[in-house]
Amino acid sequence: MSAPSGIKVAVIGGGVAGAAAALALARTGAEVTVHEAHPDPAGPVGSFLSLAVNGLRGLELLGCLEQVRAAGFEVPEQRLWSGGGKPLGTMPRGRLASDDLHGVTLMRGRLVEVLRAEAERAGVRIVTGRRLTGHHDHGAGVRAEFADGSTAEADLLVGADGLWSATRTLLDPAAPDPAYAGLYNVSGRAEQVAGAPGTFNMVFGRNGAFAYLPAPDGTVWWSAQPAEPRQPDLAAVPLSEWPERLAETYAADPVPLALLRAATEVHRPTLMHTLAPVPVWQRGRTVLIGDAAHPVGAGQGASMAIEDAVVLAQVVSAGRSLAEYEERRRARVGRMLKAAAANREAKKAGPVARRVNDLVMPLFSRYAYTRSTAWLYTHDLGELTPAA
């Protein structure tokens, strides 16, 4: 690819990955259009998410760190609990103890809103209601085709369309499909019942994991992740019935059941999925980023997508090949995928595995946390050179 003087980029998907990529590429001088399938990928969509310090450093390069911080709140500490109520450890949340930055928690929709607003200020055009159905790399460029019959020509097509990526399938028809992970997620908010703001609590219960986080406004943000081997029909349960159903699920665990019964808001439940390693991340003038290439989870999905966006913009702005982007990201993402798999299995652990976890986790949090996570939190993304 040539240097991006006037390069035209079509970004497929306007969520976290798409908005971050559009902003990063626009900062380096590209002409970017985002094509989003949904009417509004921001707003009250999804649950809350956490941004670790590596993601926050990416946002700093994009020029919107302070806006994101203002949209959420800092969470310096995390506490882990066993299903029997035993404390398993206290450690920094999404950072090392030596970091000046603290992890930030906010609603996914608010993060998307900030990224999209900054992207539009940087000159990005956002078009909604466009679902990708085809693409054709004709050497001189790439043409995106949409369900409404419209098309878009570009020099580069960025597939940032998430777990169920149409771009991934068009790029490689043999690409793996998502598979149910044996867990589902129900989240919401409740009136304050206990705890101080700034602490993320994770309970590894007998029937899955449960997280809760007191917020500065006096509410508690909670997320239940029950383990269910058979894929459930989540839509069959009315939202209003979920708090009581979850209270029954976690009745034998040290979960603050009063919190569930005080729920004032329940978000739409979602199934959790895994995706086998995607063999093709880029080909010709098309590239995948974020969940379209590697849904990692474990509190790093948004941060890894932001890292992808920065690295892609660095490579494109330098006129280098997309293979260099893939080379720079594969090993790091692969390591994160292994950590996420271990995290997921801990949430589904049976009685024996839970007992082992209860023995190992206190030692890990006290003696090995800093050493084992330094590769993640101290990662240096370099610089993002702005357009002249």
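None of the figures in this text is laboratory data; all of them are computed from the coordinates on show. None of these values were measured; they are calculated from a predicted model. Neighbour counts run over all protein chains shown; Cβ positions are idealised from the backbone, glycine included.
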All-pairs alpha carbon distance profile, the stretch 179-273, 10 Å steps from 0, percent
17, 51, 27, 4
Grab the DSSP H runs of the chain that are 4 residues or longer, score each as -39,500 (n - 2.57), total them, divide by all residues and round the 222 nm result to the nearest 500 deg cm²/dmol.
-10000 deg cm²/dmol
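Suppose R0 equals 30 Å; then what is the FRET efficiency for Thr264 and His38 from their Cβ-Cβ distance, rounded to the nearest 0.05?
Efficiency, from the Cβ-Cβ distance: 0.70.
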Antiparallel DSSP beta bridges within the chain, as percent of all bridges there, nearest 5:
70
Along the stretch 301-307, Karplus-curve 3J(HN,Hα) (6.51, -1.76, 1.60; θ = phi - 60°) to the nearest Hz, with x for Gly and Pro, reads x, 5, 5, 5, 5, 5, 4
Please state the relative contact order of the stretch 22-171 as a whole percent: Cα pairs under 8 Å, 6+ residues apart?
28
If we sort 121-132, 6-17, 360-371 on the protection proxy, mean other Cβ atoms within 10 Å, highest first, what's the order?
6-17, 121-132, 360-371
Farthest toward the dipole's positive end in the chain, which of Val266, Leu384, Pro92, given Cβ charges of +1 (Lys, Arg) and -1 (Asp, Glu) about the Cα centre?
Pro92
Give the angle, between 0 and 90 degrees and rounded to the nearest 10, that separates the Cα long axis of helix 351-363 from the longest principal axis of the Cα atoms of the chain.
80
Amide H of Ala181 versus every other amide H placed in the peptide plane: which residues, excluding those fewer than 5 positions away on the same chain, fall under 5 Å?
Met272, His273, Thr274
Mean separation of Cα pairs under 8 Å and 6+ residues apart, divided by the residue count of the stretch 179-273: what relative contact order is that in percent?
42
How many lysine pairs does the chain hold where the Cα atoms are under 22 Å apart and the two sit 8 or more places apart or on different chains?
4
Note, the stretch 326-335: 3J(HN,Hα) by Karplus (6.51, -1.76, 1.60, θ = phi - 60°), whole Hz, Gly/Pro = x, goes 4, 4, 6, 9, 4, 5, 5, 5, x, 5
Over the C-alpha atoms of the chain, what are the Rg and the largest Cα-to-Cα span, Dmax, in Å?
20.9, 62
Highest GNM mean-square fluctuation among Ser165, Ser187, Ser98, for the chain with Cα springs under 10 Å, belongs to Ser98
When only C-alpha pairs under 8 Å and at least 6 residues apart count, what is the relative contact order of the chain, in percent?
24
Separation in nanometres of the label points that stand 7 Å from Cα toward Cβ, at Ser372 and Ala252:
2.7
Rounded, prolate or oblate: which fits the stretch 123-254 when a ≥ b ≥ c are the square roots of the eigenvalues of the alpha-carbon gyration tensor, with rounded for a/c under 1.5 and prolate only if a/b beats b/c?
prolate
With θ taken as phi - 60° and the coefficients 6.51, -1.76 and 1.60, list the Karplus ³J(HN,Hα) couplings across the stretch 69-75 in order, rounded to whole Hz; mark glycine and proline as x.
4, 5, 7, x, 8, 6, 10
Find the centroid of the Cα atoms in the stretch 167-235 and in the stretch 103-162, then give the distance between the two in whole Å.
27
